[in-house]
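Okay, structure first, notes after.
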Amino acid sequence: MENELTHGPVMKTMLKFAVPMILGDLLQQCYNIADTLIVGRFLGADALAAVGSAFSLMTFLTSILLGLAMGSGTVFSIRFGQKDKTALKEGVLASFVLLGVITVILNILVFAGVDWIIWFLRTPDELTVLMKDYLIVIFAGLAGIFLYNFFASLLRSLGNSVVPLAFLAISAGLNIILDLLFVAVLNRGVAGAAEATVIAQYVSGIGIAVYTKIRFPHLLCLDGRIRLRRSRIKEITNFSALTCLQQSIMNLGILAVQGLVNSFGTTIMASFAAAVKIDAFAYLPVQDFGNAFSIFIAQNYGAGQTGRIKKGIRAAVATSVGFSLVISLLVCIFAGPLMSLFIDSGETAVISEGVRYLRIEGAFYALIGILFLLYGLYRALGKPGMSVVLTVMSLGTRVALAYTLSALPVFGVAGIWWSVPIGWFLADALGIGYYLIKHKKLVP
């Protein structure tokens, strides 16, 4: 095994585990940042708008696999905390089969329905060909996404957050090199940007799978005692399905908003494509800290360390809120220069709208930082359904308000931007209120 999170100073242990996860996902964002920068600079605003719209779709598809892997990882962490090796091995087998089957189904559905997807996203006619060229290639990377997320969740559940970081570092660097080669040198257009990303995804996915097989052969080998048991499949499905549902609802809501954004035309699409990358990069650390916090809580929950859980909650809230306030300040101050990284300075309308988005949403990162902690807490305590409820509250409010406020002349497109922090606030209020009422039962 790797690293137990049930011993040592709470804050130090949590941060030591969380930092490689944060760095890893920051590197993963480099996939998307590289695509956006290179496409925006070399191929123009239309190509940027098409790739940005496709990004929202791929985020949704990835969220399905990520949610299943995160739910499985929670089960792995609890079994690791309990030191139940047999249950852990059977859970790994059940999870791998479940995620593998779903990956195959997703691939069939998206390739068969690519034209319908483009229609659903309300893609302008002038961008249809560009978006289809990008999607046909990027869909081929789903198996690589499955492999990386499954084995990364397994290693993290054992307390190893460094190896997933290493493989992401390699693939992120490869993605940037291939992006420049395919787009800037070979002139392969948006399809070239997608090809670079897919190759990098398979490098990280296959690489981490091979590492895990070599480093932990006892977890992946099948013997007479380790079989695909119905009880393990049910257990993994119960945790994974709800976590997957949470992630899918979150990103389905974003897809619905993307469709609304697209209806405002190419300028708003391009500004949203660039700003959402900056936005995701800015609050990614608190998102990953929430995931690390969840694994910390799950291991200690499995080990029966309730006092340590309570200390972890207090430390995590202080850390997340403090960091979020600093990032909010930086994003609001440097919104203009950040947008200029993605868009040529001559595209003043695109930059201006992106700055407005960042200054409205970016001021409230502390709210989403708390929300990520709530997601992780309820998932780790065996209440993934509550995470789904909070997601529905946050995203349901966002979608409803986005369509309502943007239809009012006084708000216009800014109504879409304001709907986000309002949704975060309402979900936080519900999640905190539930914990205050039920905390004696949740953490005796």
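The values are calculated or read from the model by the stated rules, or taken from the named source; none is laboratory data. Everything numeric here is computed off the predicted structure, so don't read it as measured data. Here Cβ is always computed from backbone atoms with ideal geometry, including for glycine, and neighbour counts include all displayed protein chains. These area figures cover heavy atoms from the full protein model, side chains too; ligands, DNA and RNA do not enter into them. Shrake-Rupley method; radii C 1.70, N 1.55, O 1.52, S 1.80 Å.
Tally Lys/Arg at +1 and Asp/Glu at -1 over every other residue whose Cβ is under 14 Å from the Cβ of VAL129; what's the total? Counting the neighbours of VAL129, the net charge comes to -4. For LEU371, neighbours were defined as the other residues whose beta-carbon sits under 13 Å from its Cβ, and their charges (Lys and Arg +1, Asp and Glu -1) total +1. Computed with a 1.4 Å probe over protein heavy atoms only, the accessible surface of the chain comes to 38 Å² per residue.
Sort 323-331, 384-392 by the packing proxy (mean of other Cβ within 10 Å over each peptide's residues), most packed first.
Highest-to-lowest ranking by the protection proxy: 384-392, 323-331.
LYS441 sits among other residues whose Cβ lies under 15 Å from its own Cβ, and their net charge, with Lys and Arg +1 and Asp and Glu -1, is +4.
Here the label points at ASP125 and ARG230, each 7 Å from Cα along the C-beta direction, are separated by 5.6 nm in the simple model. Cross-link partners of LYS438 among lysines, defined as those whose alpha carbon lies under 20 angstrom from its own and excluding same-chain residues fewer than eight positions apart: LYS310, LYS311, LYS383. Relative protection proxy for 47-54, 186-193, 59-66, from highest mean packing down: 47-54, 59-66, 186-193 (other beta-carbon atoms within 10 angstrom).
Of the residues MET58, LEU390, MET14, the one whose Cα sits farthest towards the positive end of the charge dipole of the chain is MET14 (charges of +1 on Lys and Arg Cβ, -1 on Asp and Glu Cβ, taken about the Cα centre).
Extending 7 Å from Cα along the Cβ direction at ILE206 and again at VAL317 yields two label points whose distance is 4.8 nm.
Within the accessible area of the range 239-354, what % is carbon and sulfur when the probe is 1.4 Å and the other protein chains stay in place? Percent of accessible area from carbon and sulfur atoms in the range 239-354: 70.
As a rough guide to protection, the peptides 237-244, 12-19 ranked by mean Cβ packing within 10 Å, highest first, stand as 237-244, 12-19.
Of all aspartates and glutamates in the structure, those lying under 16 Å Cα to Cα from LYS213, and not within fewer than 8 positions of it along the same chain, are GLU2, GLU90, ASP223. Note on ALA429/LYS85: beta-carbon distance plugged into 1/(1 + (r/R0)^6) with R0 of 41 Å gives a FRET efficiency of 0.50. Long hydrophobic helices in the chain, taken as whole DSSP H segments with a C-alpha length of 27 Å or more on their own axis and mean Kyte-Doolittle hydropathy at least -1.0: 10-43, 45-82, 85-112, 189-215, 230-262, 266-302, 306-333, 384-406, 414-442. Given the choices [x] 26, 59, 15, 0; [y] 22, 50, 26, 2, 0; [z] 28, 62, 10, 0, P(r) over Cα pairs in 20 Å bins from 0, in percent derived from the coordinates of this structure is entry [x].
The charge dipole of the range 296-373, taken about its Cα centre with unit charges on the Cβ atoms of Lys, Arg (+1), Asp and Glu (-1) only, comes to about 700 debye.
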